[in-house]
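Asker: Structure incoming, see below.
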Amino acid sequence: MKPKVAFFDFTGCEGCQLNKLNFENELLDLLAHVDLVEFREAMDETSDEYDITFVEGSITTPACVERIHDIRRRTKVLVALGACAVNGGINAMKNIQPIDAVREAVYGKDKYRFATLPAMPVSAIVAVDHEVRGCPMSQPDFLQLFKALVMGKKPPTYNYAVCVECKLSENECLLTKGQVCLGPVTRAGCEAICPGVGQACIGCRGFIEDMNQEAMLNILTEKGLSVDEARKRLQLFNAYEVAV
Ligand code: SF4
Ligand code: SF4
Ligand code: SF4
């Protein structure tokens with residue numbers, strides 16, 4: 001029996017799901033070993049039970065809460081896909097403003113017609129077994145995890161900083177060149193792709209466990225940012241975690 005695989009989307013731009021369609025050659029090989037039973041971006045078949053379920057997007061409404069509980073009940077393994085699902089992602093920036101002000105800015109006088117909640121990662125509501133980080137989610141990460149799950153192996157996890165991969169790649173540190181880089185507190189797994197091309201890390205893979213927020217804020221303010229600007233940099237993808 002091939003494992004039944006499903007993909008669902010919540011609040012996000014669907015970039016993570018579309019990103020999968022960009023590596024169709026590898027994906028087609030993998031799909032030969034599974035039964036794809038839900039994937040709105042590419043097909044309309046359905047099933048009621050799943051072995052492996054990938055969920056994109058953050059939880060932002062009472063309806064999302066109900067739906068993710070339902071999906072969790074029906075799947076054996078749940079994988080959060082991309083920054084929005086893993087740690088609230090860019091959606092969680094709405095959490096740093098009063099929720100009523102956010103509703104008014106988006107819906108104006110109709111604001112009470114649309115229920116909304118602060119943006120949450122999937123793990124804030126149900127148990128998540130695995131995650132693929134990044135905005136959009138990293139393709140090599142996704143393929144590695146997908147293959148491991150299909151083969152019944154344990155997927156890799158990363159709880160060390162982007163700086164480690166950056167050093168291994170022998171990149172020149174952007175902090176020493178005056179740029180503001182979040183590599184010291186951001187989870188590795190992307191092979192330090194941004195610093196590798198001269199762009200500072202903006203934290204899209206979320207933070208390492210027990211990250212030292214105060215030390216990172218100090219580095220950013222030493223680089224010339226105000227405390228408020230420094231905090232906003234940290235909040236770009238991680239406002240669910242970084243307090244106002
Ligand atoms: S993680 Fe990024 S690419 Fe993926 S759904 Fe969220 S905003 Fe879109
Ligand atoms: S460029 Fe960024 S990720 Fe690379 S070593 Fe410097 S701070 Fe770390
Ligand atoms: S270097 Fe930073 S911003 Fe770039 S992909 Fe990696 S975690 Fe994301």
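The values are calculated or read from the model by the stated rules, or taken from the named source; none is laboratory data. Only a predicted model underlies this, so the values are computations on that prediction, with no experimental measurement involved. With ideal geometry, Cβ positions are generated from the backbone for all residues, glycine too; neighbour counts draw on all protein chains shown.
Each row is one residue, and each column tells you yes or no for (1) modelled with pLDDT under 95; (2) within 16 Å of ligand 1 (Cβ to nearest atom); (3) under 21 Å from the mean Cα position of the chain (by Cα); (4) of a type in the set (Phe, Trp, Tyr).
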residue	(1), (2), (3), (4)
147	yes, no, yes, no
154	yes, no, yes, no
170	no, no, no, no
176	yes, no, no, no
181	no, no, yes, no
199	no, no, yes, no
211	yes, no, yes, no
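Asker: So, in region 125-155, exactly how many residues are in contact (Cβ under 8 Å) with a residue 24 or more places away in the chain and in a loop (DSSP other than H, G, I, E, B)?
Answerer: 12
Asker: Are there strands (runs of 3 or more DSSP E) fully within region 22-93 with at least 1 residues that are within 16 Å of ligand 3 (Cβ to nearest atom)? List them. Break it down into steps so the answer makes sense when it comes.
Answerer: Details: elements: 35-39, 50-56, 75-81.
Where strands (runs of 3 or more DSSP E) fall fully within region 22-93 and carry at least 1 residues being within 16 Å of ligand 3 (Cβ to nearest atom), they are 75-81.
Asker: Same structure again: Any residue at all in region 17-37 that is touching a Ser or Thr at 6+ places or on another chain (Cβ under 8 Å), within 20 Å of residue 138 (Cβ to Cβ) and away from ligand 2 (no atom under 16 Å from the Cβ)?
Answerer: There is no residue in region 17-37 that is touching a Ser or Thr at 6+ places or on another chain (Cβ under 8 Å), within 20 Å of residue 138 (Cβ to Cβ) and away from ligand 2 (no atom under 16 Å from the Cβ).
Asker: For residues that are hydrophobic (A, V, I, L, M, F, W, C) and surrounded by fewer than 23 Cβ atoms within 10 Å (Cβ to Cβ), scanning just region 69-86, find the one that is nearest to ligand 2 (Cβ to nearest atom).
Answerer: Let us first name the residues in region 69-86 that are hydrophobic (A, V, I, L, M, F, W, C), namely 71, 77-81, 83-86.
Narrowing further to those that are surrounded by fewer than 23 Cβ atoms within 10 Å (Cβ to Cβ): 71, 77.
Working: 71: 35, 77: 32 Å.
The residue in question is 77.
Asker: Could you grab the pairs with beta carbons closer than 6 Å, sequence gap of 6+ or different chains, first residue in region 190-206 and part of a loop (DSSP other than H, G, I, E, B), second one more than 6 Å from ligand 3 (Cβ to nearest atom) and of a type in the set (D, E, K, R)?
Answerer: Qualifying pairs under 6 Å: 191/165; 192/165; 205/133; 205/187; 206/133; 206/187.
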